[in-house]
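S.K.: Pasting a structure here, questions to come.
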Amino acid sequence: MMDQALWRAWVIKNHLTLDPSPQTRSLSGAPCLDYSLLELIEPASFDIAAMRALLDGHNVPERDWLFGLMTQSKLFNPRRVGSRVFVAPDYNQSMEQQRELTMRRIKFLLEKGVVDGWLTRGTVEEELRKFALQEVADIYDHSLAIKLGVHFFLWGGAIQFFGTERHHVKWLRDTENYVVKGCFAMTELGHGSNVRGIETVTTYDPRTEDFIINTPCESAQKYWIGGAANHATHTVAFSQLNINGINQGVHAFIVQIRDADGNICPNIRIADCGHKIGLNGVDNGRIWFDNVRIPRENLLNSVADVSPDGEYLSAIKDPDQRFAAFLAPLTAGRVSLAVSAIYSAKIGLAITIRYALSRRAFSVAPNQPEVLLLDYPSHQRRLLPLLAKTYAMSFSANHLKMIYVKRTPELNKTIHILSSAFKASFTWHNMRTLQECREACGGQGLKTENRVGHLKGEKDVQSTFEGDNNVLMQQISKTLFAEYLAARKRNEPFKGLGLEHMNGPCPVLPQQLPSTVLRGGQFQVDAFRVRERDLLNRFAEEILQRQARGERKEHALLSSYQLAEDLGRAFSDRCVLQNFVEVEENSPAGSLRDMLALLRSMYSLTCMEEDASFLRYGYLSTENAAAVRKEVAKLCSELRPHSLALVNSFGIPDAFLSPIAFNWVEANSWSSVQH
Amino acid sequence: MASFSSSNGQEDQVLVEEKSFARTLILNRPEQLNAATDYMISRFLELLLLYEKDSNVKLVIVKGKGRAFSAGGDVTSAVHDINSGKWKSVAIFFRKNYTLHYLIATYSKPQVSIMNGIVMGGGAGCSTHGSFRVATENSVFSMPETALGLFPDVGASYFLSRLPGHFGEYLGLTGARLDGAEMLACGLATHFVPSAKLPSLEAALHTVDSSDQAVISAIIGEYSELPMLKEQSAYHRLDVINRCFSRRTVEDILSALEREATNKVDGWILASIQSLKKASPTSLKISLRSIREGRLQGVGQCLVREYRMVCHVIRGEVSKDFVEVLQLIRRLLYSLI
């Protein structure tokens, strides 16, 4: 009781005898943050237009034309923020509204001639133009690109590649004009990656010359069918084909699911997949077929056919080969996905790096202004290696596109493995980049308007659709193992897939790794080749040993998943580096080429720093690994002054970035608030 | 700073009025429709730079004497220079001109341009980039460069590309004329004030004591009206304009217009087809691309790019059309002497 009173008295005494000595620090406010136009402070050291031409690869004027069309139309939701205009869908709208608007935007593109000739003009130039325009649509909105992709590349592609003349004549023009709206019914509730296991069953009735498609159980319902929930009139339905009691495997059939007025056809049931974490502009649906009858001509018969009296005919006797021939054309989807992932990473990095060049936090010395985010070594380390990787992957994506559009049957295997490898690597890279970018933008990364965080939900699906990434990577190691066996069995050198380096002696990596060596193209290529070679040897040995112990090959492959993962990554990295070196060597000497060399080193050395294989299997000693890590840090500080020019070279117009990439103080000012 | 006082009475080409915190610059070559000479551009630039630093200046007003605001740059001196191979001095003129436009576009104090008459070419450059543009019933706007073998410059690739839809391509390629109401509707003008009320408006502006844009906007707003667009205005048919002028190439635009002409015989469609057919084909293609690239660039980038383009044009490298036009003008002038 006494203590309390004493304490109370002490407190009051302190109030009365407060030392009126002057404050040593005056309460002057820090000067208001001043945003300066970035381009004035950080001029470019190389030709940005030339770099963009390298990164985009083709059809730059067409891309800018489509950017311009979207910028000028109210349909694409231009929004004034401060003194700038940004163009992006309103993701706050309901699912139904977003779906409607996406269809209306497609109609707009149709009217403007954007999709003219996408299916009917089959030249290489046309294919490249198609890719370019879809990439631009994707930069605007992933849902828009997906709706276009489903209709043109999946439905349209199926008609083109699985169908024959009569299908082309009947369906392609109507598809191009959106008289029919197509979708692609392959995936089922119970089967996604394993297409061969789908449960929809089709039989043939020779009396009426109809096929009958049926969903025999709930797990056979078609699922995630983009376009099916609201708009599609027709679908390519994949199904097991039973002829005379024999299952002939998976085939594709054209089925009408809605009439021209939008009413669902009889014996077809459709349900909605519901709200998603992203891509709510795509109306994904579920489809049940209740013994639906379709004419015999609706079988897409480029690989196999059924005669009017019910005889199964195919030039390819082996069902595995037949299935492979079937799926080969779907590679276009993987190619465009790999590219889409890289453009998404570009958007994230452009916004985040520009933000980091204007946002400050903490001073490192008293009475000094706060430091720019990108001037922190740790911030550089988080973003600049991702920037270099994005550059590297962009060049590879273009290389893949070029091989694809000029494809020949001999190149099928190469295209298949490259598209699988790149689809997996690039989509994973994109998700990692977006997450890092979101964090690097702090709270601003949470605003949908700022795009970076929102893109995560939109692009997440890329790692699992069109082939689950993990499954794809396993397929790579399987393919490489098959190459290994074939070369060994025939006692012939490796040929194709860039594996020729396996034929020569194993490169010897230098013991000492000073900066000059580390940055040398030859060292980097050698290091990647050493890793790939060693991992392929180990993997093959492991499988063969297990088989020798009596394990079945499939079981051995599954058990060796750790090596398979490492090998898949090694293969993918090596291909990307090879493409990068090619681009670099084809560039004339000068500041652009010097910049490419810098980025190439950043790409290679970061891969070496991050992949435990190098230490685990001893390609690098611990000292060398430390030297690599140090070099990465050095490269970060050397790339820092070029960061702005490097992201400006992406060629993404300002309106498609977001407010934090510019004067974010003005964008958030009271006068910018909509009252 | 060197002042541009000259010996042959050039000072009169730009008159200055100082009223309290407002400075009014008056383009004063009414017989030549206030076509801007090298002196006028220099003087304009000099004054603006001075005013930016002068804390006693809060507002700049720009207007023209006579029936024009400004019909553009004075090409007569350019004629002589280009023909005698001295393209560099013409280039310097353009450079100074574009620098002035950039200054106007990025000026830290508000500028009110009173466009009570003809606003063409360079005249648009001196007004449209400013913060406030007042049109009247006498205003006539046009970017006629394609008919002259040039292309809409003075930062037009910036401001035309930002008009609604593809109206900018329409104006830039056809050189179509807009009246005051149309200028307001599409955003080239920020306000419309009947010419009778201009004296009171200017008097009100002279009382301004701050650079606050909201205050100035409110003052102009008090004298503003919302005029009706004339019935045959092309602006009513923005859907058709967008359909045609969004096409990828000049050829496609022309065929789209000709297709529209078979459906509906709107006067402006026929006029557009005529203008396109009479214009320099190279100019049309350069203009279209310039506007489309400008759509994705800032005003500074646009002006830099246009300067490069105009240098090529005046050197006659890409096409001799502009040079020929100037020679034609020269022959006309000589024939009038």
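The values are calculated or read from the model by the stated rules, or taken from the named source; none is laboratory data. Just so it is clear, the structure is predicted and the values come from calculations on it, not from any experiment. So basically every Cβ, Gly included, is an ideal-geometry build from the backbone, and we count neighbours across all protein chains shown.
S.K.: Being more than 24 Å from the chain's Cα centre (by Cα) and within 11 Å of chain B (Cβ to nearest Cβ) is the filter here, so list the residues in the range A:84-119 that pass it.
M.R.: Matches in the range A:84-119: A:Arg84, A:Val85, A:Phe108, A:Glu111, A:Lys112, A:Gly113, A:Asp116.
S.K.: Quickly run through the range A:467-484 and pick out the residues that are hydrophobic (A, V, I, L, M, F, W, C) and over 16 Å from A:Arg196 (Cβ atoms).
M.R.: Scanning the range A:467-484 gives A:Met473, A:Ile476, A:Leu480, A:Phe481, A:Ala482.
S.K.: Cβ-Cβ below 6 Å, separation at least six or inter-chain, first residue in the range B:145-170 and within 11 Å of chain A (Cβ to nearest Cβ) and touching a residue at least 12 places away in the same chain (Cβ under 8 Å), second hydrophobic (A, V, I, L, M, F, W, C) and in a loop (DSSP other than H, G, I, E, B): which pairs?
M.R.: B:Gly168/B:Leu160
S.K.: Still on this structure, I have one more. Go through the range B:146-173 and count every residue that is under 24 Å from A:Met70 (Cβ atoms) and crowded, with 24+ Cβ neighbours inside 10 Å.
M.R.: Within the range B:146-173, residues that are under 24 Å from A:Met70 (Cβ atoms) and crowded, with 24+ Cβ neighbours inside 10 Å number 16.
S.K.: For the range B:24-55, what are the residues that are part of a loop (DSSP other than H, G, I, E, B), of a type in the set (Ser, Thr, Tyr) and farther than 12 Å from B:Gln10 by Cα?
M.R.: B:Ser55
S.K.: Also, I was wondering about something else. Considering only residues of the range B:64-93 that are among the hydroxyl-bearing types (Ser, Thr, Tyr) and outside any loop (DSSP other than H, G, I, E, B), which is farthest from B:Leu328 (Cα to Cα)?
M.R.: B:Ser70
S.K.: Tell me, please, whether a residue that is more than 13 Å from chain A (Cβ to nearest Cβ), modelled with pLDDT under 95, within 23 Å of A:Gln72 (Cβ to Cβ) and within 24 Å of the chain's Cα centre (by Cα) can be found in the range B:252-263.
M.R.: no
S.K.: Looking at the range A:297-310, I want the residues that are over 25 Å from A:Ala324 (Cβ atoms) and have a partner that is surrounded by 22 or more Cβ atoms within 10 Å (Cβ to Cβ) with Cβ atoms under 6 Å, at least 6 apart or on another chain. Which pairs are those?
M.R.: A:Gly310/A:Tyr204
S.K.: Identify, please: which residue in the range A:296-319 is part of a loop (DSSP other than H, G, I, E, B) and of a type in the set (Asp, Glu) and is, among those, surrounded by the fewest Cβ atoms within 10 Å (Cβ to Cβ)?
M.R.: It comes out as A:Asp309.
S.K.: Continuing with this model, one more query. Looking only at the range A:352-375, count how many residues are surrounded by fewer than 11 Cβ atoms within 10 Å (Cβ to Cβ) and either within 16 Å of A:Glu42 (Cα to Cα) or of a type in the set (S, T, N, Q) (or both). So that I can check it myself, show each step before the final result.
M.R.: Step one: of the range A:352-375, the residues surrounded by fewer than 11 Cβ atoms within 10 Å (Cβ to Cβ) are A:362, A:364-368.
Restricting the remaining residues to those that are either within 16 Å of A:Glu42 (Cα to Cα) or of a type in the set (S, T, N, Q) (or both) gives A:367-368.
The qualifying residues number 2.
Conditions (1) surrounded by 20 or more Cβ atoms within 10 Å (Cβ to Cβ); (2) under 13 Å from A:Val292 (Cα atoms); (3) without any contact (Cβ under 8 Å) to a residue 24 or more places away in the chain, marked per residue:
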| position | (1), (2), (3) |
| --- | --- |
| A:Val201 | no, yes, no |
| A:Asp210 | no, yes, no |
| A:Tyr223 | yes, no, no |
| A:Ile257 | yes, yes, no |
| A:Ala260 | no, no, no |
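S.K.: Give the range B:321-337 a look and list any residue that's free of Cβ contacts under 8 Å to residues at least 12 places away in the same chain and either outside any helix (DSSP H, G or I) or touching a Ser or Thr at 6+ places or on another chain (Cβ under 9 Å) (or both), or say none.
M.R.: B:Ile337
Conditions tested, residue by residue: (1) at pLDDT below 95; (2) within 30 Å of A:Asp594 (Cα to Cα).
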site	(1), (2)
A:Gln475	yes, no
A:Arg490	yes, no
A:Pro510	yes, yes
A:Arg529	no, yes
A:Leu536	no, no
A:Leu557	yes, no
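S.K.: Of everything in the range A:350-396 that's in a loop (DSSP other than H, G, I, E, B) and of a type in the set (Ser, Thr, Tyr), which residue is nearest to A:Val525 (Cα to Cα)?
M.R.: A:Tyr376
S.K.: Looking at this structure, is A:Leu330 in a helix (DSSP H, G or I) and over 27 Å from A:Glu449 (Cβ atoms)?
M.R.: Numbers: in a helix (DSSP H, G or I): yes; over 27 Å from A:Glu449 (Cβ atoms): yes.
So A:Leu330 passes the test.
S.K.: Hey, among B:Ala214, B:Ala196, B:Ala204, B:Ala218, which residue is more than 18 Å from B:Val140 (Cα to Cα), away from chain A (no Cβ under 13 Å) and loosely packed, with under 14 Cβ neighbours inside 10 Å?
M.R.: Details: B:Ala214 fails: away from chain A (no Cβ under 13 Å); B:Ala196 fails: more than 18 Å from B:Val140 (Cα to Cα); B:Ala204 fails: loosely packed, with under 14 Cβ neighbours inside 10 Å.
Residue meeting the stated conditions: B:Ala218.
S.K.: State yes or no: is A:Leu509 closer than 19 Å to A:Ala570 by Cβ and part of a loop (DSSP other than H, G, I, E, B)?
M.R.: So A:Leu509 fits the description; yes.
S.K.: Examine the range A:148-164 for a residue that is of a type in the set (A, V, I, L, M), in contact with a strand residue (DSSP E or B) (Cβ under 7 Å, 6 or more places away or on another chain) and closer than 21 Å to A:Gly113 by Cα, and state whether such a residue exists. Give the derivation first.
M.R.: So in the range A:148-164, the residues of a type in the set (A, V, I, L, M) come out as A:148, A:150, A:154, A:158-159.
After this cut, where a residue has to be in contact with a strand residue (DSSP E or B) (Cβ under 7 Å, 6 or more places away or on another chain) as well, the list is A:150, A:154, A:158.
Subset that is closer than 21 Å to A:Gly113 by Cα: A:150, A:154.
Among the residues of the range A:148-164, at least one is of a type in the set (A, V, I, L, M), in contact with a strand residue (DSSP E or B) (Cβ under 7 Å, 6 or more places away or on another chain) and closer than 21 Å to A:Gly113 by Cα, which makes the answer yes.
S.K.: Also: Being surrounded by fewer than 19 Cβ atoms within 10 Å (Cβ to Cβ) and more than 22 Å from A:Leu37 (Cβ to Cβ) is the filter; apply it to the range A:632-669 and report the residue that is nearest to the other protein chains (Cβ to nearest Cβ).
M.R.: Step by step, filter the range A:632-669, then rank; the result is A:Glu638.
S.K.: Going through B:Arg289, B:Arg248 one at a time, which residue ends up being in a helix (DSSP H, G or I) and surrounded by 17 or more Cβ atoms within 10 Å (Cβ to Cβ)?
M.R.: Among B:Arg289, B:Arg248, only B:Arg289 is in a helix (DSSP H, G or I) and surrounded by 17 or more Cβ atoms within 10 Å (Cβ to Cβ).
S.K.: Checking A:Arg629 against (1) without any contact (Cβ under 8 Å) to a residue 60 or more places away in the chain; (2) within 14 Å of chain B (Cβ to nearest Cβ), which single condition isn't satisfied?
M.R.: Exception for A:Arg629: condition (2).
S.K.: Can you tell me which residue is farthest from B:Gly165 (Cα to Cα) among those in the range A:58-75 that are under 25 Å from the mean Cα position of the chain (by Cα) and surrounded by fewer than 20 Cβ atoms within 10 Å (Cβ to Cβ)?
M.R.: Among residues in the range A:58-75 that are under 25 Å from the mean Cα position of the chain (by Cα) and surrounded by fewer than 20 Cβ atoms within 10 Å (Cβ to Cβ), the one farthest from B:Gly165 (Cα to Cα) is A:His58.
S.K.: B:Ser280: under 23 Å from the mean Cα position of the chain (by Cα), surrounded by 14 or more Cβ atoms within 10 Å (Cβ to Cβ), within 24 Å of B:Phe159 (Cβ to Cβ) and within 14 Å of another protein chain (Cβ to nearest Cβ), yes or no? Walk me through it before giving the result.
M.R.: On the way: under 23 Å from the mean Cα position of the chain (by Cα): yes; surrounded by 14 or more Cβ atoms within 10 Å (Cβ to Cβ): yes; within 24 Å of B:Phe159 (Cβ to Cβ): yes; within 14 Å of another protein chain (Cβ to nearest Cβ): no.
For B:Ser280, the condition - under 23 Å from the mean Cα position of the chain (by Cα), surrounded by 14 or more Cβ atoms within 10 Å (Cβ to Cβ), within 24 Å of B:Phe159 (Cβ to Cβ) and within 14 Å of another protein chain (Cβ to nearest Cβ) - is not met.
S.K.: Tell me, please, whether a residue that is closer than 30 Å to A:Ala356 by Cβ and either β-branched (Val, Ile, Thr) or modelled with pLDDT under 95 (or both) can be found in the range A:7-25.
M.R.: Yes - at least one qualifying residue is present in the range A:7-25.
S.K.: Tell me yes or no: at least one residue of the range A:414-421 is at pLDDT below 95, in contact with a Gly (Cβ under 7 Å, 6 or more places away or on another chain) and more than 24 Å from A:Ala345 (Cα to Cα).
M.R.: Yes; the residues of the range A:414-421 include at least one that is at pLDDT below 95, in contact with a Gly (Cβ under 7 Å, 6 or more places away or on another chain) and more than 24 Å from A:Ala345 (Cα to Cα).
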